[in-house]
């Protein structure tokens with residue numbers, strides 16, 4: 001019995017739509033990361049990008065469990081001495097709601113060129129509308 005590996009030419013990609021309204025951040029991010037990698041497909045190969053495109057809408061309405069809304073911190077550093085800054089989840093959702101999902105998903109993808117290529121297939125929007133209607137994304141329910 002021979003093992004079949006997916007090749008770049010044989011990969012077929014689909015478009016999926018995820019509504020993040022009132023969803024838990026970690027659960028949504030893990031599902032998105034899995035689909036970006038292509039782990040839901042029978043032809044999954046770790047060294048080939050077999051994943052699908054993901055469109056996330058209502059990113060500003062995502063939730064976190066417990067008291068993480070005030071306790072969870074996002075750090076950034078410019079590289080200069082003493083320039084580390086932190087912002088809470090609540091403030092991050094107000095200012096840049098798409099970065100919350102991006103940060104969670106990026107941490108779950110492989111590091112390096114393959115992970116960066118997978119991450120480019122993620123499209124996040126704060127409203128319920130998106131410019132990818134021509135691709136006919138299939139709606140996914142995460143409940």
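Each reported figure results from applying straightforward, stated rules to the coordinates on display, with no laboratory input. The structure displayed is predicted, hence computed values, not measured ones. Using ideal geometry, Cβ is built from the backbone for each residue, glycine included, and neighbour counts are taken over all protein chains shown.
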Cross-chain or 6+ apart pairs with Cβ under 6 Å, segment 56-78 first and in contact (Cβ under 8 Å) with a residue 12 or more places away in the chain and on the phi > 0 side of the Ramachandran plot, then surrounded by fewer than 16 Cβ atoms within 10 Å (Cβ to Cβ) and in a loop (DSSP other than H, G, I, E, B)
58/21; 58/128
Please pick out the residue among 21, 2 that is part of a loop (DSSP other than H, G, I, E, B), touching a helix residue (DSSP H, G or I) at 6+ places or on another chain (Cβ under 8 Å) and loosely packed, with under 15 Cβ neighbours inside 10 Å.
21
For segment 24-52, which positions are crowded, with 16+ Cβ neighbours inside 10 Å, within 28 Å of residue 72 (Cβ to Cβ) and touching a strand residue (DSSP E or B) at 6+ places or on another chain (Cβ under 8 Å)?
25, 28, 31, 32, 35, 36
Looking only at residues in segment 115-129 that are outside any helix (DSSP H, G or I) and touching a helix residue (DSSP H, G or I) at 6+ places or on another chain (Cβ under 7 Å), which one is nearest to residue 46 (Cα to Cα)?
121
Considering only residues that are within 30 Å of residue 134 (Cα to Cα), in contact with a helix residue (DSSP H, G or I) (Cβ under 6 Å, 6 or more places away or on another chain) and part of a helix (DSSP H, G or I), which ones fall in segment 47-89?
59, 60
Are any residues in segment 99-108 touching a residue at least 40 places away in the same chain (Cβ under 8 Å) and in a helix (DSSP H, G or I), and if so, which ones?
100, 101, 104, 105
Residue under question is residue 111, and the condition is that it be in a loop (DSSP other than H, G, I, E, B), free of Cβ contacts under 8 Å to residues at least 12 places away in the same chain, under 18 Å from residue 62 (Cβ atoms) and out of contact with any strand residue (DSSP E or B) (no Cβ under 6 Å at 6 or more places or on another chain); does it hold?
no
The residue that is surrounded by the fewest Cβ atoms within 10 Å (Cβ to Cβ), considering only those in segment 5-18 that are touching a residue at least 24 places away in the same chain (Cβ under 8 Å) and closer than 18 Å to residue 137 by Cβ, is 13
Of the conditions (1) exposed (fewer than 10 other Cβ atoms within 10 Å of the Cβ); (2) outside any loop (DSSP other than H, G, I, E, B), residue 92 fails just one. Which one is it?
(1)
